[in-house]
1. Net charge within 12 Å of Glu114 by Cβ-Cβ distance, Lys/Arg positive one each and Asp/Glu negative one each, not counting Glu114 itself?
2. Helix 190-223 sits at what angle to the longest principal axis of the chain, using alpha carbons and giving 0 to 90 degrees rounded to 10?
3. For the chain, build the convex hull from the C-alpha positions and give me its volume per residue in Å³.
4. Taking each pair of distinct Cα atoms in region 39-178 once, what is the resulting Kirkwood hydrodynamic radius in Å?
5. Output the relative contact order of region 192-327, whole-number percent, from Cα pairs under 8 angstrom with separation of 6+ residues.
6. Sort the following peptides by mean Cβ neighbour count (other Cβ atoms within 10 Å, averaged over residues), highest first: 103-112, 261-270, 83-92.
7. Mind putting a number on the dipole of the chain about its Cα centre? Charges go on the C-beta only, +1 for Lys and Arg and -1 for Asp and Glu, and I need it in Debye to the nearest 20.
8. Regarding region 145-186, what are the three Cα extents along the principal axes, ordered largest first, in Å?
Amino acid sequence: MNNKGKKKKNQVLTTNIFEQEELLKKIDAIRVNLKASTWRELETKGKFKKNEKLTFISDNMLILGCDIGSETHYVRAIDTRGRELSKSAFPFSNSAEGFHSAKEWAIKIAARNEKTQIVLGLEPTGHYWFCLATWMITNGISVVQVNPYAVKQTKEIEDNSQLKDDRKDPKLIANLVKDGNYGMPYLPEELYGDLRRLSMFRDQLVEDRIRALNRMHRELKIFFPEYKDAFGKINGPFCLEVLKQAPFPEDLITLGLDGIREIWHAAKLRGRGYSRAEKIINYANESVGLKAGAGVSKEAVKWFVKKIIELEEQLAEVEKQMEQKCLEIPHAEKILEISGIGENILAGILAEMGDISRFDDVKEIQKLSGLGLVACSSGKHKGKTKISYRGRKRLRYWLFQAAKSLVAHSEEFKELHVYYTTRAENPLKKMQSLIVIACKVLRVIYTILTKGVTYDPKKMLRDIKRQSKEKIAA
């Protein structure tokens, strides 16, 4: 190689080294200046609408789309015009090492493309995204989430194909973020986090108790078909104490009247249940249940009974903790003054709703619960109005339970229910009326929590919009 060739090669090497040094400086600068924005900064300063979302995605921002998996996540990078900046999807594990590798990968791409901030968009899949979102926000990367339904609906826009996989989804997610079709993730913290977890545990305990009860019912139906008539309330303390020791007819006959009453006396049970002892023995004597092969089923019933009692004790403890946590929320005690709303219902609503300061309007909570009204209309066709059912189904469940309880126990809500179902113009069906009342309950709760006012039933009735001059008696 002549001197001219060597000189040119050295110049190329020097240029590459200089570029590498410049790139490292940019990477270090990005690491230092990364700043994550959360719902506290964006949603508590007024409504975070579509225009604000588009403004937040600035030109100096690298947009990442991430498809969440149980063990491996896939991420791709684009700019604000939708041009892909990554060669392919980058896989990383659901661990600290994987999170670090994804961050470094994103910072290098940002440095090469003159970006200074990073936003990560993800599709909330189960609970697998919790740790990733928290880690990224802690390390200076903003995290937003897109609706899984929106990802499904836009899958054919990318390549006119119905294909949907772990490598295609990240780009779909990133493009949704670019266009402002995203929301800020909310993970309950401190008091609200404890309340949400306790609410989840309560639901799990209730499901386990129902499952154990159903399995116990199956065994009793085979070997003691008359058990419901004999015992009355099957999950009551009188019934469970007897079934724990003598579940089948031959055991009850052997035990006798005095034996049954002794079981109840030893359990310190009081009340009118003692009068059923003779009825239990009579049904046991006349039972047509199977007698052969009852040994294993007998032990199964005893085990189910013990499980039910244990679950009920755990459920009572969880509900006690929920009530205590619930009363720590400012003005929550004023909601309990409403006849028909008890600690269980209020705790369920507050656990699913979370920190109320993140909402600017009660309609946002109504939409979150899936109680928002939707209709499909076009031209002369006017579609039927119904609720969306999209949102937190547990919040919708507890609001509906509150509506049913209020209609049963509160005079003003009972009158309101009668008005909605019997008014001259557009009377509602009973289920429709309960949904309207659930939305009204939500507005009452929102007003009390945000303004600290005391519930006034007369004012609540005056605020109802009527279609005629007829007034509800207040």
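1. 0
2. Its long axis makes an angle of about 40 degrees.
3. It comes to 260 Å³ per residue, whole-number rounded.
4. After inverting the mean inverse Cα-Cα distance, the result is 15.2 Å.
5. The value is 43 percent.
6. Ranked by mean Cβ neighbours within 10 Å, highest first: 103-112, 83-92, 261-270.
7. About 1920 debye.
8. For region 145-186, the Cα spread along each principal axis is 32, 18, 15 Å.
Rule-based calculations on the coordinates, nothing more; no lab input. The model shown is predicted, which means the values in this text are computed figures rather than measured ones. Glycine also receives a Cβ, built like all others from the backbone with ideal geometry; neighbour counts cover every protein chain displayed.
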